[in-house]
Amino acid sequence: MRQLIRGRTLSFHADPAETENAFTFHEDGAIITRDGLIEAVGDYAALRDPDLTEINHRPHLILPGFIDTHIHFPQVQVIASWGAQLLDWLNTYTFPEESRFGQQGHAPAMAEHFLDLLLAHGTTTAAAFCSVHPQSAEALFAAAGSRNMAMVAGKVMMDRNAPPAVLDTPQQGYDDSKALIEKWHRHGRQRYAITPRFAITSTPEQLAMTGQLAREYPDCHIQTHLSENRDEIAYTLSLYPGARDYLDIYESHGLLGERLLLGHSIHLEPREIARMAETRSRAIFCPTSNLFLGSGLFDEAGLRAAGVPTGIATDVGGGTSYSMLQTLNEGYKILQLRGQKLHPFAAFHWATRGNARALGLEDEIGTLAPGTMADLVVLDSRATPAMALRMARAETLAEELFILQILGDDRAIAQTYVAGQPMLDRNRKAA
Ligand SMILES: [Zn+2]
């Protein structure tokens, strides 16, 4: 099936922080999709075709769908929980909540809510942590598959320092992960991420099994947490007294590489930064979470200068919004506190092509390049009275994007497409 989607199209083909001509913008643009793929993008006048079904989104912007590179699916009902920093927050709110995902029927119901929320916020792909229970990953992959959404996800492996209801064992974690990989990895658009939660909740035996999985399935992602909070780092190093630093724990178990997504990566030692750059391991910035849990300020410019690839993410439920727009807003403020700048072009690149590159999926998502999937977000820069009033004075595309970045949220999402299919009406009915 072919269709034409008309709007003000914007897509990045390079990183605006590195090159001047990083994007293509068509004020009266169009995207032709065929069977879920982008067939062509350009000026409407050049692409119009009376034989095609036409959907007109003008004056809204059309970008590639947002990508969230770190989020916790089982935390949809602990987002906005008061008063704790990381380790307390996990013990008080998160682990008890995640234990519910072992109950019959809970994970499938929450998976639908989770995907409804992502789509309502314009996010079409996420790298998601599930609970320790394999049925949580089953539920998320099945729900994403039925919507044709590309998910990167995995059941967490954790075998200590948490209540028994959310623990596995090294062998069970290995067996369950392996079965899920065999069933879901590259099944449709689904991809598996081997997911040791973090070093505190995995014994050396479990991390060894994680390394074994990474060797057996080298094209699976690996996702975990690194150096989020000072107490966490001290506790971690006390559990691994032989480690040179926090990263060394993952390094010594063979986990480093371009498929590794390291959530937070805030309080890093010079050796860790150098090794992340050499191995192309990804540092994932989670601004709303870092502020909410009081964790610290991500050093974007420092990591960039060192050559560490980065992504940006919500980290719901430590994060406080599903919106990548609000994530970019808080990211801007964190970088302000570090004396760094997040220009709107760099911001929107990060949430689309940048995050696709962090996941190694830029051939499938993150741009409007022909041949990639037609996962799109349609942005309304006048979605609220305050935005409309501010937009009346905006003169440039950069200004408009910055208004979306600072004032936008799910109200600014006029439509979300997954593989060429509009998802939002269905989503609003479901919600
Ligand atoms: Zn996290």
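The values are calculated or read from the model by the stated rules, or taken from the named source; none is laboratory data. If you're wondering where the values come from, they're calculated on a predicted model, not measured in any experiment. Quick reminder, even Gly has a Cβ in these numbers, built from the backbone with ideal geometry, and neighbours come from all protein chains shown. When the accessible area is computed, the model is the full protein with side chains, heavy atoms only, and any ligands, DNA or RNA have been set aside. Shrake-Rupley method; radii C 1.70, N 1.55, O 1.52, S 1.80 Å.
The requirement of being without any contact (Cβ under 8 Å) to a residue 60 or more places away in the chain, more than 14 Å from the ligand (Cβ to nearest atom) and open to solvent by less than 30 Å² (accessible area, probe 1.4 Å) is satisfied by residue 309.
Exactly one residue among 288, 236 is assigned to a helix (DSSP H, G or I), in contact with a helix residue (DSSP H, G or I) (Cβ under 6 Å, 6 or more places away or on another chain) and buried (at least 23 other Cβ atoms within 10 Å of the Cβ), and that residue is 288. In contact (Cβ under 8 Å) with a residue 40 or more places away in the chain and of a type in the set (S, T, N, Q): does that describe residue 124? Yes: the conditions hold for residue 124. The set of residues in region 299-330 being in contact with a Pro (Cβ under 7 Å, 6 or more places away or on another chain) and within 17 Å of residue 127 (Cβ to Cβ) consists of 327 alone. For region 231-242, the tally of residues that are without any contact (Cβ under 8 Å) to a residue 60 or more places away in the chain and within 16 Å of the ligand (Cβ to nearest atom) stands at 2. Of everything in region 248-285 that is away from the ligand (no atom under 14 Å from the Cβ) and at positive phi, the residue that is most open to solvent (accessible area, probe 1.4 Å) is 280.
Pairs are defined by a Cβ separation below 9 Å, a sequence spacing of at least 6 or placement on different chains, a first member in region 247-261 that is acidic (Asp, Glu), and a second member that is in a strand (DSSP E or B); the pairs so defined are 258/282.
Inside region 111-131, can you point out the residues that are open to solvent by 10 Å² or more (accessible area, probe 1.4 Å) and either assigned by TED's automatic domain parsing to the domain that holds residue 417 or touching an Asp or Glu at 6+ places or on another chain (Cβ under 9 Å) (or both)? Those that are open to solvent by 10 Å² or more (accessible area, probe 1.4 Å) and either assigned by TED's automatic domain parsing to the domain that holds residue 417 or touching an Asp or Glu at 6+ places or on another chain (Cβ under 9 Å) (or both): 117, 120, 121. Residue 400 meets the conditions (1) over 18 Å from residue 66 (Cβ atoms); (2) at pLDDT 95 or above in every case but one. The failed one is (1). The condition (being modelled with pLDDT of 95 or more and more than 14 Å from the ligand (Cβ to nearest atom)) is satisfied by just one residue among 64, 96: 64. Taking into account only those residues within region 30-66 that are more than 29 Å from residue 127 (Cβ to Cβ) and touching a helix residue (DSSP H, G or I) at 6+ places or on another chain (Cβ under 7 Å), which is surrounded by the fewest Cβ atoms within 10 Å (Cβ to Cβ)? Per the criteria, the residue is 40.
For region 355-386, which positions are of a type in the set (Asp, Glu) and either surrounded by 23 or more Cβ atoms within 10 Å (Cβ to Cβ) or under 18 Å from the mean Cα position of the chain (by Cα) (or both)?
362, 363, 364, 375
When the residues of region 180-230 are filtered to those that are within 16 Å of the ligand (Cβ to nearest atom) and in a helix (DSSP H, G or I), the one that is surrounded by the most Cβ atoms within 10 Å (Cβ to Cβ) is 199. Within region 156-178, does at least one residue satisfy the condition of being in a helix (DSSP H, G or I), under 24 Å from residue 360 (Cβ atoms), at pLDDT 95 or above and open to solvent by 50 Å² or more (accessible area, probe 1.4 Å)? Checked against the condition, which is being in a helix (DSSP H, G or I), under 24 Å from residue 360 (Cβ atoms), at pLDDT 95 or above and open to solvent by 50 Å² or more (accessible area, probe 1.4 Å), region 156-178 yields at least one hit.
Residues that are open to solvent by 20 Å² or more (accessible area, probe 1.4 Å), touching a residue at least 60 places away in the same chain (Cβ under 8 Å) and under 15 Å from residue 347 (Cα atoms) within region 15-24 comprise 15, 16, 17, 23, listed in sequence order. Here residue 165 meets each of (1) over 17 Å from the mean Cα position of the chain (by Cα); (2) of a type in the set (A, V, I, L, M); (3) within 18 Å of residue 416 (Cβ to Cβ) with one exception, condition (3).
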